[in-house]
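Take a look at the structure below.
Computed from the coordinates by the stated procedures, all read-outs in this text should not be read as laboratory data. From a predicted model like this one, the values you see are computed outputs, not experimental measurements. Every residue, glycine as well, gets a Cβ built from its backbone with ideal geometry; the counts of neighbours run over all protein chains shown.
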Amino acid sequence: MLLGRHGQLVTWPVDELAERLLGRRVTGEHARDAFHDLAGQIITGHGLPWPVV
């Protein structure tokens, strides 16, 4: 995640990011699908097109 306004780059493992966003530990294909669904909801909730091309 780039916080350009503050000149900071924040990184963390994708498994930890998914766990924090989804509220539970998930693995493999299920994790990818759940993250994809959540990202789509957030992005379309802000009026942006999904999927991003």
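Each of His36, Val10, Pro49 was scored by the projection of its Cα onto the charge dipole of the chain, and the greatest displacement toward the positive side belongs to Val10; charges sit on the C-beta of Lys, Arg, Asp and Glu.
Relative contact order, percent, of the chain when contacts are C-alpha pairs under 8 Å separated by at least 6 residues? The partial results should precede the final answer.
Details: 24 pairs, mean separation 9.0, N = 53.
The normalised contact order for the chain reaches 17 percent.
Counting Lys and Arg as +1 and Asp and Glu as -1, each charge on the Cβ, what is the dipole of the chain about the Cα centre in debye, to the nearest 20? Before the final figure, lay out the partial values.
Numbers: 5 positive and 6 negative charges, 41 e Å.
The dipole magnitude comes to about 200 debye.
Shape call for the chain from the C-alpha gyration tensor, a ≥ b ≥ c root eigenvalues: rounded (a/c under 1.5), prolate (a/b greater than b/c) or oblate? Here the chain falls in the oblate category.
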